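Single-structure report; data block below.
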Amino acid sequence: MTAGSEEPRSLRAERPKARNDCPPSEGPRLLVLVIGGVRSGKSSFALSLAARLGGRVTFVATAEAGDDEMRDRIERHRQARREDWRTLEAPLDVASAVAAAGSDVVVIDCLGLLAANLMARAETTGTSADRLMELQVAGLLDAYRRGRARVIVVSNEVGAGVVPPYPSGRQFRDLLGRANQQVAEAADRVYWMIAGLPMEVKASGMAEKVGPHHVVD
């Protein structure tokens, strides 16, 4: 748990349905941010990238099944992942999940849902959502730097639209926008997804190696 943060919900590991017989990834440590709008293909690209990197993969899920629509969406995303990948449910504490993953590749999907969850937690506990998100981003980056895994972070782009007309929308935009900037600054590579196509906006040489991917985002 990140120092000074709220006590997180226990990480729930989903038992893989098959063994992962891939050899450990031998490449250098890597931090990748995949960012884009709704249904831009960001989750699909992140999964394809994780499969291409190889080795043992842990998927860190931040979604919560609050209604039937979200349950259906979570199930579709679950079916799109390989059966031998491990899943950790971490709707409030991705920093601890990254530290506990113990795999070669970690996919975090996504920072937008994490921000929304932390806003809801802050509202019910009287704490600061800004502080909770700040601690999570700092803890995520610290866990990455202390570990050896390649970490892929998925997030929503919130700076390309109009200013939200209501306070909670503006708070979410600001909260996630700052987090995106922090992760992008620390990342080795950043991809901006547009209509299922990855645009490399930081570093070079990876998008063309991933190949086609089926959009489930």
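The values are calculated or read from the model by the stated rules, or taken from the named source; none is laboratory data. Fair warning: this is a prediction, and the values are worked out from it, not measured in the lab. Quick reminder, even Gly has a Cβ in these numbers, built from the backbone with ideal geometry, and neighbours come from all protein chains shown.
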For this session: Scan the range 74-86 for residues that are in contact with a strand residue (DSSP E or B) (Cβ under 7 Å, 6 or more places away or on another chain) and either in a helix (DSSP H, G or I) or over 14 Å from Ala46 (Cβ atoms) (or both) and jot them down.
Result: Arg86
For this session: Could you list, in sequence order, all residues of the range 93-137 that are in contact with a helix residue (DSSP H, G or I) (Cβ under 8 Å, 6 or more places away or on another chain), part of a loop (DSSP other than H, G, I, E, B) and surrounded by 23 or more Cβ atoms within 10 Å (Cβ to Cβ)?
Result: Asp93, Cys110
Problem set entry | Residues (touching a Cys at 6+ places or on another chain (Cβ under 6 Å) and of a type in the set (Lys, Arg)) located in the range 126-168 | none
For this session: Being outside any loop (DSSP other than H, G, I, E, B) and among the polar types (S, T, N, Q) is the filter; apply it to the range 38-73 and report the residue that is nearest to the chain's Cα centre (by Cα).
Result: Ser43
Seminar exercise, completed: Pairs returned, first residue in the range 146-163 that is closer than 18 Å to Val107 by Cβ and hydroxyl-bearing (Ser, Thr, Tyr), second residue that is at pLDDT 95 or above and in a strand (DSSP E or B), beta-carbon separation under 8 angstrom, 6 or more apart or interchain, are Ser155/Leu33; Ser155/Val34; Ser155/Ile35
Exercise. Any idea which residue in the range 177-191 is surrounded by the fewest Cβ atoms within 10 Å (Cβ to Cβ), counting only those that are assigned to a helix (DSSP H, G or I) and either under 13 Å from the mean Cα position of the chain (by Cα) or among the hydroxyl-bearing types (Ser, Thr, Tyr) (or both)?
Worked result: Ala184
For this session: Look at the range 138-163 and say how many of its residues are part of a helix (DSSP H, G or I) and within 17 Å of the chain's Cα centre (by Cα).
Result: 8
